[in-house]
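Input: a single structure, listed below in structure tokens.
The values are calculated or read from the model by the stated rules, or taken from the named source; none is laboratory data. Just so it is clear, the structure is predicted and the values come from calculations on it, not from any experiment. FYI the Cβ positions are ideal-geometry reconstructions off the backbone, even for glycines, and counts take in every protein chain you see.
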Amino acid sequence: MADARAAFYFPLMRITGQFARMLLVSGALAALAGCGHGQLQPAGPVSEAERTLLLDSTVIMLAIIVPVSIATLVVAWWYRSSNPRARRRPDFVYSGRVELVIWSIPVLVIIFLAGIAWISAHDLDPARPLPSKTAAVNVQVVSLDWKWLFIYPNLGIASVNRLVVPTGVPLHLELTSATVWNVFWVPQLGSMLYTMNGMRTTLYLEASRPGVYYGESAMISGDGFSGMHFDTDAVSPEQFASWVDSTRSAGPVLDARSYAGLLEPSESVKPYTYRSVQQDFFRRVVLQNASPNLGADAAPMR
């Protein structure tokens, strides 16, 4: 009798311990989410949609987790040794009804999750333009060792380690890397996207309200990775226009010579701006034709 009880209670204790650890880990993750950089505090339509997707998926998966957890406790309580009303069937092997219930819930969950993933994969395509009556602001992003370069091609200016954007206006971001593989991410605005040497990728984001949002590299890329972050200043359109005017009146010119300095590895670089940018400079970076050996009067690109 003691062996039978041990065979029953030891697995139950392991299951209960695993469930308790799961609850503790979930609570810790929930606490850490509030201490992070706002992944669950969206400030734009993309991040808002991503949070909705995360919460919907979690609720759907709870359709399995919650019933199974409750059923485990109910079965353990009902089939306790002191309950004479419990009907024990040691020879039980198979029940079609039980199998139908056990498998139907996971199948439904998988169907729901697959449908949500399919729809979201298209709606949240990074290269899909955001609906807006206002023309998007073009920003070209270059990841370097270990800093970020932001070029505003239509405005003829650039900045390092500071991205200034107008609120309520879509951002059309073109991204590349001048060195190693990296990942651009502003958690409160939404999708992260890879930056790769010799390649150009596209990302659409938008800031819905004013604020300073933390941006970072989400890919370990060497010694200075820990300091490879930047501020995204979302300001009103009027403040953005004022910033553009002030940037055009001060600072160096972004050309082949100044770019050579950017290519030198550096850590924790304080933000600064360029009053002017050579025409088509970003394409030269993508084509790896912005050589540091070329002067400001370098030959035109191929």
### Summary
Exactly one of Ala250, Ala256, Ala260 is aliphatic (A, V, I, L, M) and surrounded by fewer than 15 Cβ atoms within 10 Å (Cβ to Cβ), and that residue is Ala250
### Task
Identify the single condition in (1) farther than 30 Å from Asp233 by Cβ; (2) under 17 Å from the mean Cα position of the chain (by Cα) that Trp185 does not satisfy, given that it satisfies every other one.
(1)
### Query
Out of the residues in region 263-286 that are surrounded by 19 or more Cβ atoms within 10 Å (Cβ to Cβ) and touching a Gly at 6+ places or on another chain (Cβ under 9 Å), which is farthest from Pro166 (Cα to Cα)?
Val286
### Query
So which residues in region 203-224 are aliphatic (A, V, I, L, M) and touching a Gly at 6+ places or on another chain (Cβ under 7 Å), if there are any at all?
Leu205, Ala207
### Query
Which one is surrounded by the most Cβ atoms within 10 Å (Cβ to Cβ) among residues in region 214-247 that are part of a strand (DSSP E or B) and among the small types (Gly, Ala, Ser)?
Ala234
### Task
Tell me which residues, restricted to region 195-205, are in a strand (DSSP E or B) and surrounded by fewer than 18 Cβ atoms within 10 Å (Cβ to Cβ).
Asn197, Thr201, Thr202
### Query
Right, Ser208: buried (at least 21 other Cβ atoms within 10 Å of the Cβ) and among the hydroxyl-bearing types (Ser, Thr, Tyr) or not?
no
### Message
Condition (residue is out of contact with any Gly (no Cβ under 8 Å at 6 or more places or on another chain) and either of a type in the set (Phe, Trp, Tyr) or in the same structural domain as Gly227 (by TED's automatic domain parsing) (or both)) applied to region 100-113: is it met by at least one residue?
### Response
yes
### Message
Looking at region 276-287, I want the residues that are of a type outside the set (A, V, I, L, M, F, W, C) and have a partner that is surrounded by 22 or more Cβ atoms within 10 Å (Cβ to Cβ) with Cβ atoms under 8 Å, at least 6 apart or on another chain. Which pairs are those?
### Response
Ser276/Ile157; Ser276/Leu254; Gln278/Leu254; Arg284/Ala290
#### Entry: Selected residue (only one of Ala127, Ala76 is more than 30 Å from Asp245 (Cα to Cα), touching a Ser or Thr at 6+ places or on another chain (Cβ under 9 Å) and at pLDDT 90 or above)
Ala76
### Query
Within region 121-151, how many residues turn out to be in a strand (DSSP E or B) and buried (at least 21 other Cβ atoms within 10 Å of the Cβ)?
11
#### Entry: Per-region count, region 109-138, residues within 25 Å of Gln288 (Cβ to Cβ) and under 19 Å from the mean Cα position of the chain (by Cα)
2
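Here's the yes/no breakdown for (1) polar (S, T, N, Q); (2) assigned to a helix (DSSP H, G or I); (3) more than 30 Å from His122 (Cα to Cα):
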residue	(1), (2), (3)
Arg51	no, yes, no
Asp56	no, yes, no
Ala71	no, yes, yes
Ser81	yes, no, yes
Pro84	no, no, yes
Phe92	no, no, yes
